[in-house]
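The values are calculated or read from the model by the stated rules, or taken from the named source; none is laboratory data. As the structure is a prediction and not an experimental result, all values here were calculated from the model. Glycine also receives a Cβ, built like all others from the backbone with ideal geometry; neighbour counts cover every protein chain displayed.
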Amino acid sequence: MKQLLSGIWQWSCFSPEKQLDFNGLFLSIGEHKVLVDPPPMTAEAGTVIRRQGGLDYIIVTNRDHAREAVTYREDFGCQLFVPEPDAAQMEVKPTKTFKDGELLPGGIWVIQLNGQKSPGESALFVQQGRGAMIVGDALIGKPSGSLSLLSPEKYADPAKAKEGLRRLLKYNFDAILVGDGTSILTGAKQIVEKTLA
């Protein structure tokens, strides 16, 4: 588990099928301890989280990123939040659903992204430091140092998917933390602009 930014750690699990890392995030924001899109956790990651005082919440950004959320909700005795538009298509039973514009514990803003592969695909904006944008499947960090969209067949309309992502540019962020691939810790907003141009 490595610390990416102040109060934000990441661990990864390599997917041989996709040939990239699936990332999980641990956020310690004020009194709130949050996991985002957790893949299988290393023993070291579990130790770091327990040393920080355990977990309060797990947030899933889209229907395909529940990953190990149910296991860790049981392990840590915490709450599970999922996007409202995706909840009916998920096998997990959340504590709470969230929707666009909602402020989640820890000051995490929900930005629902239209036209993506799932109706509830949401980015999470964290104002900590110089701003961080957390995305599940909305953008992939591949190749390293750049961003890409999913392959066109994943979308009903690839042009609408790209247009839906332009909403991210209304926010001030320096880092983009991706669910799949390599996160970008500085200059990320400019890279998003270039990707969507």
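Worth a mention:
Yes/no matrix, rows are residues, columns are (1) over 25 Å from residue 163 (Cβ atoms); (2) assigned to a helix (DSSP H, G or I); (3) small (Gly, Ala, Ser):
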| position | (1), (2), (3) |
| --- | --- |
| 80 | yes, no, no |
| 91 | yes, no, no |
| 94 | yes, no, no |
| 114 | no, no, no |
| 117 | no, no, no |
| 123 | no, no, yes |
| 129 | yes, no, yes |
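- Residue 71, sole failed condition from (1) in contact with a helix residue (DSSP H, G or I) (Cβ under 7 Å, 6 or more places away or on another chain); (2) among the β-branched types (Val, Ile, Thr); (3) farther than 14 Å from residue 59 by Cβ: (1)
- Filtered residue count, the stretch 1-52, keeping only those that are touching a residue at least 24 places away in the same chain (Cβ under 8 Å), more than 23 Å from residue 139 (Cα to Cα) and among the β-branched types (Val, Ile, Thr): 4
- Checking residue 111 against (1) surrounded by fewer than 20 Cβ atoms within 10 Å (Cβ to Cβ); (2) modelled with pLDDT of 95 or more; (3) out of contact with any Gly (no Cβ under 6 Å at 6 or more places or on another chain); (4) not basic (Lys, Arg), the condition it does not meet: (1)
- Checking 2, 18, 33 one by one, the residue that is basic (Lys, Arg) and at pLDDT 95 or above is 33 and no other.
- Single residue of 158, 143 found to be surrounded by 15 or more Cβ atoms within 10 Å (Cβ to Cβ) and over 26 Å from residue 71 (Cβ atoms): 158
- Residue match in the stretch 100-108 (condition: surrounded by fewer than 17 Cβ atoms within 10 Å (Cβ to Cβ), out of contact with any strand residue (DSSP E or B) (no Cβ under 9 Å at 6 or more places or on another chain) and at positive phi): no
- Of the strands (runs of 3 or more DSSP E) entirely within the stretch 1-65, those holding at least 1 residues that are surrounded by fewer than 22 Cβ atoms within 10 Å (Cβ to Cβ) occupy 2-5, 8-15, 20-29, 32-36.
- Residue 161 modelled with pLDDT under 95 and more than 20 Å from residue 23 (Cα to Cα): no
- Subset tally (residues that are in a helix (DSSP H, G or I) and β-branched (Val, Ile, Thr)) for the stretch 162-197: 3
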